[in-house]
Amino acid sequence: MRATFLIGILVFVSGCECGRDEEEDRDRASRAESAGGHALEDPARGVAERMGEGGGDVPPPSRFELVDPALGRSTTRARGWASLEDLRAGRGAARMSLGNWLCRLWTHYGPPPEVQRDGFVYVLRDRDTGHVLSAYSAGSGPAVGAQLIDEQGAPLASDAQERVAASVNAFVAMIDATEPQPCELELETDLGRIRVGVRDGEWFEDELE
């Protein structure tokens with residue numbers, strides 16, 4: 001499993017898939033796709049398309065602005081891009097794709113400000129609420145982090161958790177409604193070097209020699 005480079009896992013945000021074994025979720029996704037007849041011919045490739053509708057409650061990308069990557073160090077994992085519902089319905093492959101996730105972020109915010117072993121990090125502020133979020137990839141796949149602990153290291157109160165959850169879920173809705181533009185990035189992983197991105201309307205993850 002790829003090494004996770006952001007801090008821990010907490011169960012506070014609504015819709016959070018925290019506290020579960022991520023490798024088990026990948027297995028579930030694989031079984032769900034096979035059982036549902038949705039298995040991809042090539043599990044490292046898939047169609048890059050909008051996963052949600054634009055308009056309505058979907059915020060504009062300008063609501064979230066890039067900020068100093070150092071601010072992301074106070075965030076912890078709030079939710080994965082792939083939900084349990086996605087995994088059970090056989091939609092997990094697209095949401096576990098680093099290339100699919102990367103190019104949606106890149107479309108609005110350019111290349112990742114921070115690239116680390118196994119992944120990348122975007123740190124953004126919600127202009128409407130002031131909440132700082134981290135959109136990143138790591139060993140557990142694409143995910144969103146948020147500031148879920150106060151300055152004393154205690155969990156936020158439930159009403160504050162709900163406000164953070166609303167900000168995180170608004171960001172995910174915006175990403176879902178994004179059609180990713182072509183991009184690519186090389187990453188060094190424990191299993192070797194890979195290239196991820198979107199090309200010719202498909203997300204991909206290629207192993208490099």
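The values are calculated or read from the model by the stated rules, or taken from the named source; none is laboratory data. Keep in mind the model is a prediction, meaning the values are calculated, not measured. Neighbour counts are summed over all protein chains in view; Cβ atoms, including those assigned to glycine, are modelled from backbone coordinates with ideal geometry. The area values use the complete protein model at the heavy-atom level, side chains included, leaving out ligands, DNA and RNA. Shrake-Rupley method; radii C 1.70, N 1.55, O 1.52, S 1.80 Å.
Remarks
- Within the range 129-137, the presence of at least one residue that is more than 21 Å from residue 60 (Cβ to Cβ) and either outside any strand (DSSP E or B) or in contact (Cβ under 8 Å) with a residue 40 or more places away in the chain (or both) is confirmed.
- Of the residues making up the range 109-128, those that are modelled with pLDDT of 95 or more and buried (at least 18 other Cβ atoms within 10 Å of the Cβ) are 112, 120, 121, 122, 123, 124, 125, 126.
- Selected residue (criterion: farthest from residue 51 (Cα to Cα)) from residues of the range 178-194 that are under 17 Å from the mean Cα position of the chain (by Cα) and open to solvent by 20 Å² or more (accessible area, probe 1.4 Å): 185
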